[in-house]
Structure formats: C-alpha cells, structure tokens
Amino acid sequence: MQDLTGVGYCTSDQHKEATRALKERNKLDTLAILEILEYLTERNPFTNDVSLRNIETGVEAEPDVNVDKAENPQLMFQRLTTAANGLFENRSEVFQYELSSVPSSIFDCNRLPLEACKSKLADAIWACGSDCIHEIDGEGFQYVLDGGSLLQRLPWTHGDSFGDITQMYVDHVIRKYKDPVIVFDSYPELPSIKDITHLRRTKGIISPNINFTSSMPCKTKKELFMSNSHNKQALINMLCDKLKDNDIRCKNATDDADLLIALTAVDCALSSEVVVIGEDTDVLVLLIHHVSQQCKRVIFKSDKMAINKKMKIWNIQQTRGFLGEDVSDIIKAGEEALTCLYGGLPLEGLNILRWRKFTSRVITGNTSVQVKSLPPTSDSGKFHSLRVYHQCQKWMSEEVDMDPTDYGWEIKRGKLCPILMDLPPAPDKLLNIIRCNCKQNCDTKRCVCRKKRSSVFSRMR
C-alpha cells in the first residue's frame, strides 16, 4: 500500500528503555557490576575465616582492635596539635611523639610500610653517569636472569596446562639467551622480613592452595594464582625441573634472590663478561656494591621492550666509577641520615626538624599540614634505621646471621612484622584532656574517655 500510494510510514522509539543511549549506559552499568562481583569473588568476605581483615590489602587486625573507635591519622594529628596549643610551655616537645595512630611518614593506615619509589633512585644514579650505554656491543656474554622478573614477563593463556605454561618459559629463554643462569626466589614457611612485602603485593586477593600437575589445565588468573606463595613455589619447582631437563642452569635462593643474583654475576664475571637481566633497583644497587674493578664487564638491563625511547643499559663498573668508591656508605643508618634526607641541619635531630617543618608550613601554607609529609620521630625512625641496617648487612654478605627481631621486627601470627614505635601516640598530659560527658570522676572502665584512651594505645601496640 505504501508503494502504491507513495506514502512512507515509520515510528519513533516507543519506550525510553529502548533508546540507544540508555542501552549503552545499561551496558556500562552491567560491566561495572560484573567487575565488582569479580573483585569480591577474589576477596570473598563471606568465608569461614572469623578474623577481621581488610579485604583490599588482606591485612588481619589484632584481636584487640575496635573498628568502631578507629581514628583517622590525619584527624588525630590535627586534634592533638590543636589541643597541645597552650598546654605546654615548649610546644616542640610534643613532636617527639607521632601524634597519630601510625608513623605516617613510614607506614600507611593499614600498618604496611609505604612502598618505596625505587625507580627514582635508579633515575638519579643514571643521571650521575653521562657515558651510560643504550645498546650492548660484542658477543659471548654470560647471561644471569632474575627468575622473579621472568615469571612476570610472559602472559598466560587461560586453559593452558601447567606443563604448557612452563614450556612457554623454557622456549622464551632458549630463544633469547645462550647458556643462561636463572636465579629464583624461594618462599619458605618460616617467618621472613619479606612477609609484609608479599602481603602488600597480593592486594588483598585470597587464593587457595592448588595441588597441580603438568597435565592439569590452569583455570585461574595468573595474578590470582601467583598471589599464593605455596602455588608460586610449586610452579618454580616445576619450572626448574623443566629448565634443568633442557640443560639450563638454575639456582634457588633461601628466600629473596636479589643478593644471590648479584653474587652469581660476580662469580661469572671472573671468567667472562656478564649481562644481568632484571627490573629490580635492589639488584642494581647490589651489583654496584659487589662488582669490583677486577671483574670483567658486567651489564645490567631490562627484558622489557622500550617504546619511543632508548633502553637504559647499565655498565656497572662505569656507574660505580661515577658514584665513587663510597657506595657502601648506604649502610649508614640512623637519625643523621634521615635528618639529611628531610633537608635538616647538621646535628638538628628528627624531633626538632619535625617541629620546624610543622611551624614553617603552618606559617606559609594555606591548607592543613599533612602528617605524612613530616619527618618521622626519633622513636619510629630508630626502628626504621635498624631494619635498613639489617637489610644492608644481609645484602653485603649472605653469610651474615642476624636475628631480625633484634633489628626492628617482631613475630605476629607466624610472620615478621615491623615494629612501629615504642612511645605512645602523644604524651600523657595531652591524652588526659580527652573530652567526655561523664557525670562522675572518670575512674571506671565504663567511662567513655578511658575507653577512648585505651583504644588509642591498643592500636599502637
């Protein structure tokens, strides 16, 4: 009839739900919901585990934690500094205390050490040497590979068997490197100073132990599988067996492999030039310390493909020459070093510097002073310095046998955790003025202000 009469007919969308824009928005909403469900699947809060934990970071709370009385470190700092005004003749004396629930310049709100921006150190070292190279000349190098970096380098295909996955790594190594030595981390069941680092890397993902064989297909995501130390160790063992079957040399460290990588490179450099493949700035620093001028040339480079810029390739002997022979001064740990890092004056001390930085920013700034931007106190800095000293000593010699609990660590729930500090968050004189609406003399445990003070102290332990 339309053809006959020459009259066209059409209709508009009969319902707003059928419009193209709304369909696109519904699609985005669905994807967002699926993403949330996937996040909660990997961090299931409805397990039989009755412990209180942060589902994002995986950190478990102490038994005496009272979440309903939790304090924001920044808010606590602002309240305590305000309350201290006029209460002390010398207000600077309160800055020997952190004035917050955690040392915010060293730890985050979850009591995990702040992650160091190691790439900045590498960039600074690179800037010291104008003759650093961007390509390797010559052949006949002995390659030493960081096994941890190798594991992260290649993506997995969902559904591949674990035998196929390990064979993929073997093929990659054979294709790119001639007669390499690969050094892997180990993940022992005993407490280690790397426990906190491993916990932070999991990002709160809880992965079960998987007992697998080479023929079993991998049905989980790589990130989820590798977040479990038991699974990662089993994969390393399987991969090492397959590498050795292909006449590729492997070494396994007792825990962290950084020191063993550097020492392996030094041993190989006694007879041939060496190229170390890795990403970790710690390995770079260890190579600079351990490689001597008597060694043949040692090169450190990444396995990543540089895009739109030249790849950084480190000639370790040249870099050591630019830095000077006092690189080992990195082991100097203590208040003077921290004071210098925060721009303090000689012999000033962290507590005075902390007070001076605070007053300077109050006078010149137009926003509140962030507690995490201030230097740590001498008390919390002491434990940080002990931990740095312990790590440096372990790096300098694998034969060093030092009990980490004597150097700023303590064992909690079978893991080594850093000690935050000894002192309470604020002096008693300041804590005793916590405001309350009690009708009596605040001398019973039912008193709200007493509970408040005790909760502050419990979070500091």
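The numbers here are math on the coordinates, done by the rules we state, and not lab data. Every value quoted in this text rests on a predicted model; they were computed, and no experiment measured them. For neighbour counting, all protein chains shown are included, and Cβ atoms are generated from backbone atoms with ideal geometry for every residue, glycine included.
Size estimate for the range 215-286 follows the Kirkwood approach: the inverse of mean 1/r over distinct Cα pairs works out to 14.5 Å.
The charge dipole of the range 170-270, taken about its Cα centre with unit charges on the Cβ of Lys, Arg, Asp and Glu (plus for the first two, minus for the last two), comes to roughly 480 debye.
If r is the Cβ-Cβ distance from Ile33 to Met216 and R0 is 30 Å, what FRET efficiency results, to the nearest 0.05? About 0.40, to the nearest 0.05. Past the 27 Å Cα-Cα mark, which pairs from Lys176/Lys312; Lys219/Lys251; Lys178/Lys312; Lys222/Lys296; Lys221/Lys312? Over 27 Å Cα-Cα: Lys219/Lys251; Lys222/Lys296; Lys221/Lys312. Reported value for the range 180-317: 151 Å³ per residue, from the convex hull of its C-alpha atoms.
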